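**Q** Sharing a structure below in structure tokens format, with a few things to ask.
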Amino acid sequence: MQNDNLYDMIFKRKSIRKYDMKGIESEKLEEIRLFIQGIKPLDNAIKTQFTVIDEDAAKGGLFSIKAPHYVAVCSEPKGDYLMNAGFMLQQIDLFLAKNGIGACWLGMTKPNKEFALENGMEFIIVLAFGLPAEPLYRTSLAEFKRKSLDEMTNLEGLKENLELTAILEAGRLAPSATNSQPWFFSGTAEAIQFNRLRLNPLKLFIYNKMNQIDIGICLCHIWMSAEKIGKKVGFIK
């Protein structure tokens, strides 16, 4: 996968909630499937399953969105599998945006009972997608409703380090469940420490799963941004 082709989408993509229900032509769907085969995992040891399904193969839940297609994500439940799923699916989200296709993360929509779930796998989440029936891209960074970097980090010398600022800015713009932005950056410019914010018991019950996926999404943006400026990126827990 060429990160350079997707990096720019970090600053333009948005969640699309209205679609042209005629669907995407089969050749374009095949291109999407081929791309999925090459996405980078956060953890190679975790087995995943990404399946393109149509609207008839999915059932909506609370806050569901009707779309002609979905990517259903499943994983073996081990290690940081939720984080890994978010990291991988965000690459697909950006690829779709790059190709003029809208997408939206849906935490309550699920495949129907006929969905072929591989042995030992757990369903995680779906990404709705299709040709947008509303503007696909943001026109300016002002359209992002996000915390400021100062609220997300205590890294010293951030304003003087333009490369570090660029890397963290990409993370700042990552989408998250109910725009909760559950991350905080500390450490140093050479070794950024990535933290998930502690939740109170009620929020933990509601958002624990989604926020782990969110961390993976943000890590994807950090990875792409760092590699864009020539950094070699590794992840250590």
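The values are calculated or read from the model by the stated rules, or taken from the named source; none is laboratory data. No experiment lies behind these values; they were computed from the predicted model shown. Virtual Cβ from ideal backbone geometry, glycine too; neighbours counted across all protein chains shown. Each accessible area value is taken on the protein alone, full model and side chains, heavy atoms only, with ligands, DNA and RNA left out. Shrake-Rupley method; radii C 1.70, N 1.55, O 1.52, S 1.80 Å.
**Q** Filtering the stretch 177-228 down to residues that are over 16 Å from the mean Cα position of the chain (by Cα) and open to solvent by less than 40 Å² (accessible area, probe 1.4 Å), which residue is nearest to N5 (Cα to Cα)?
**A** In this case the residue turns out to be A226.
**Q** Among the residues of the stretch 9-37, what is the count of those that are closer than 14 Å to I92 by Cα, open to solvent by 40 Å² or more (accessible area, probe 1.4 Å) and within 16 Å of the chain's Cα centre (by Cα)?
**A** 1
**Q** Here's another thing I want to ask about it. Is it the case, given these coordinates, that E55 is closer than 18 Å to C104 by Cβ and charged (D, E, K, R)?
**A** yes
**Q** Kindly check whether there is at least one residue in the stretch 149-164 that is in contact (Cβ under 8 Å) with a residue 12 or more places away in the chain and within 25 Å of K40 (Cα to Cα).
**A** yes
**Q** Now a separate question. Return only the number of the condition from (1) open to solvent by 70 Å² or more (accessible area, probe 1.4 Å); (2) closer than 27 Å to I39 by Cα that E143 does not satisfy.
**A** For E143, the failing item is (2).
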